[in-house]
Every structure is written in C-alpha cells, then in structure tokens.
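Asker: To start, I am sharing the structure in question, which I have written as structure tokens.
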Amino acid sequence: MKKIQLFLIPFAGGNCYSFNFLMPYLKDFDVVTLELPGRGKRIKESLLTEFDQAAEDIFQQIIARQTASFYIIYGHSLGTGIGLRVANMLQKINRAPAYLVFTGNPGPGIKENRKLYLYEKFEFMDEIKKLGGLPDELRSNLEFMDFIEPVFRADFELAERNKLVNERAVNVPIYSVMGDLEKTSVDIANWKRFTNASFHSEILTGDHFFIYNHPERIANILQQCVENTRELEYKT
C-alpha cells in the first residue's frame, strides 16, 4: 500500500530538521519536511516577516511536492496558523488536505497581547529561553543565540502580526493537541471555530514543547487521523 503523504510545518525558529525526533515513529508515512527561508537548507535566503508571504511560500512547497489527493498537514505552534491559512488556499484550488493536526497552539484569537519581536535583545532572548525547546548547551552558547535571534524575531513577527482571527473555517477535520502546562491549553476547543468538519482535541503532559516527550503518541494521532478519514469515506 502506498504511504500517506505527511507535510510538516515547523514552529518559530524551526527548520526542516526540527521534527527529526519524530521520524522513527513515522515509517508508515511519506514525510515531507517544510521550512521557511533563512534557516536549514534555505539558510542563504532572506527571512520573511509578512505572514501572507510565509503562507504563500509553504503553499507553493506543498503544491509542488503533493503526489496524491489524500494527505495530512501537521504544524506546531507557528506552524498551526500557517497550516490553517494554507489549508484554505489549498481548498480554493480543490486540493485540500484530508486532515489538519495542530499542536502547541489554541488557535487564532487566543493569545497574549504582546509584541515579542519588538523586545530589546536580552529581554527577547530571555523569553525565547523560557519557551523551552532548545537544549541547555545551545541556550548557553552566545554565538548560537546571536545567530538564531533574527530567525526567531522574524517568526514571532509573522505570528504576532497575522490577522487569522477572522480566518474562514475549512472543510477539513482538525485534531488539536496541547501540553497541560501551556497557559492557553484551557482554550484548545477554540479550534472548533475553524473547521466545518469534525474536531478532536487532547491534552498531554508537558510545556510548549511537550511533543518532544510524546513522539509515539503524536505519531499514533496522525495514524488515527488517517483511519478516521478512511472510515468516513467508507461510510459515505
């Protein structure tokens, strides 16, 4: 049986290698890792700070690499907002994904009213460290932190200046997962507003980067989404 395509959209500061921890559990999928300019394999390209440009970039990557009508998009944190917009763009050309899996974000409209990307250097980097996701040896490496700062700033500007609160709901099921230590996990059901199809949610233990502690469960959820969609197709 042909493997289901799975497109991965990373979080702020992430790149095509950000989901390496998950790869051993995704052997049943044809995994396509995506990334924005200015990091990973696209390090020589200019960073984007406009949300619409970032969404267009990811959209173009997906339509260029999509090989089957049945596929899944998975995004974490920043990747969820981009994933929602891109799903709408794909729906307009009749190439929508079969499922959206979003982690680490309660959806548009539920966020702290602050502009991290405008913070002074040390305050900004302190906030980045608080989010977690970076190994201790990297957080204490000043040269690395100086290198990664512009990437984080660009990505936070994308996330904090987007206008997704009135984004149109997609005709695609959404499965949302958050960590129990994330302040906004109580608002996870907010994602219901953005789908005209089914909605499922789950809370796992951990902070914003709880996914690192639950790779097998995340993989199982992705597989469950495949099975749910196939069951629905069979019934209809």
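Asker: Rounding to the nearest 10 and keeping the result within 0 to 90°, find how far the Cα-based axis of helix 121-131 lies from the longest principal axis of the chain.
Answerer: 40 degrees
Asker: Further question: Of (i) 42, 31, 16; (ii) 33, 21, 16; (iii) 28, 19, 18, which one was derived for semi-axes √(5λ) of the Cα gyration tensor in Å from the structure shown?
Answerer: (iii)
Asker: Scan around residue 9 for amide H atoms under 5 Å from its own, H built in the peptide plane at 1.01 Å from N, and keep only partners 5 or more places away or cross-chain.
Answerer: Amide H to amide H, under 5 Å and 5 or more residues apart or across chains, residue 9 pairs with 74, 75, 76.
Asker: For the chain, take the longest principal axis of its alpha carbons; what is the angle in degrees between that and the long axis of helix 51-65, to the nearest 10 within 0 to 90?
Answerer: The two axes meet at around 50 degrees.
Asker: Here is a follow-up. Find how much the distance from residue 181 to residue 166 grows on full extension, using 0.36 nm per residue of separation minus their present alpha carbon separation; answer in nm with one decimal.
Answerer: Going from the current span to full extension adds 2.7 nm.
Asker: Let me ask something additional. What does the charge dipole of region 1-158 about its Cα centre add up to, to the nearest 20 debye, if the Cβ of each Lys and Arg holds +1 and the Cβ of each Asp and Glu holds -1?
Answerer: Dipole magnitude for region 1-158 comes out near 680 debye.
Asker: Using θ = phi - 60° and the Karplus form 6.51 cos²θ - 1.76 cosθ + 1.60, what ³J(HN,Hα) does each residue of region 165-178 get, whole Hz, x for Gly and Pro?
Answerer: 4, 9, 4, 5, 5, 9, 8, 10, x, 10, 10, 10, 9, 9
Asker: Using θ = phi - 60° and the Karplus relation 6.51 cos²θ - 1.76 cosθ + 1.60, list the HN-Hα couplings for region 40-46 in order, rounded to whole Hz, with x at every Gly or Pro.
Answerer: x, 6, 10, 4, 7, 8, 6
Asker: To continue, here is another question. Of the heavy-atom accessible surface of the chain (probe 1.4 angstrom), what whole percent is carbon and sulfur?
Answerer: In the chain, the share of accessible area belonging to carbon and sulfur is 50 percent.
Asker: Rounded to the nearest whole Å², what accessible area per residue is found for the chain with the 1.4 Å probe?
Answerer: I get 50 Å² per residue for the chain.
Asker: Counting only protein chains, not ligands or nucleic acids, how are 184, 80, 67 ordered by accessible area (probe 1.4 Å), most first?
Answerer: Sorted by accessible area, descending: 67, 184, 80.
Asker: Expressed as an acute angle from 0 to 90° and rounded to the nearest 10, what is the orientation of the C-alpha long axis of helix 215-235 relative to the principal long axis of the chain?
Answerer: Rounded to the nearest ten degrees, it is 30.
Asker: Nearest 0.05, what FRET efficiency do residue 202 and residue 41 give at R0 = 35 Å with Cβ-Cβ as r?
Answerer: With R0 = 35 Å, the Cβ-Cβ based efficiency is 0.65.
Asker: Do any of 92/192; 2/41; 3/41; 2/192; 2/27 go past 23 Å between their Cα atoms, and which?
Answerer: 2/41; 3/41; 2/192
Asker: Would you please give the residues with an amide H less than 5 Å from that of residue 30, counting only those at least 5 places away or on a separate chain, with H modeled from the backbone geometry?
Answerer: 4, 5, 6
Asker: To continue, here is another question. If each of residue 213 and residue 23 carries a label point 7 Å out from its Cα toward its Cβ, how far apart are those two points in nm?
Answerer: Computed distance between label sites residue 213 and residue 23 equals 2.5 nm.
Asker: Hey, can you grab everything whose amide H is under 5 Å from the amide H of residue 201? Only 5+ residues off in sequence or another chain; H modelled, so Pro and N-termini drop out.
Answerer: HN-HN under 5 Å from residue 201: 176.
Asker: Using the Karplus curve 6.51 cos²θ - 1.76 cosθ + 1.60 with θ = phi - 60°, what ³J(HN,Hα) values do you get for each residue of region 14-25, in whole Hz, with x for Gly and Pro?
Answerer: Result, ordered by residue: x, 8, 5, 9, 5, 9, 4, 4, 8, 4, x, 9 Hz.
Asker: Follow-up question, since we're still on this one. Using helices alone, what [θ] at 222 nm do you get for the chain, with -39,500 (n - 2.57) per DSSP H run of 4 or more residues, divided over all residues and rounded to the nearest 500?
Answerer: -11500 deg cm²/dmol
The values are calculated or read from the model by the stated rules, or taken from the named source; none is laboratory data. Predicted model, so just to flag it, every value in this text is computed and none were measured. Cβ coordinates were reconstructed from backbone atoms using ideal geometry, including for glycine residues, and neighbour counts include every protein chain displayed. Accessible surface areas use protein heavy atoms only, side chains included; no ligands, DNA or RNA. Shrake-Rupley method; radii C 1.70, N 1.55, O 1.52, S 1.80 Å.
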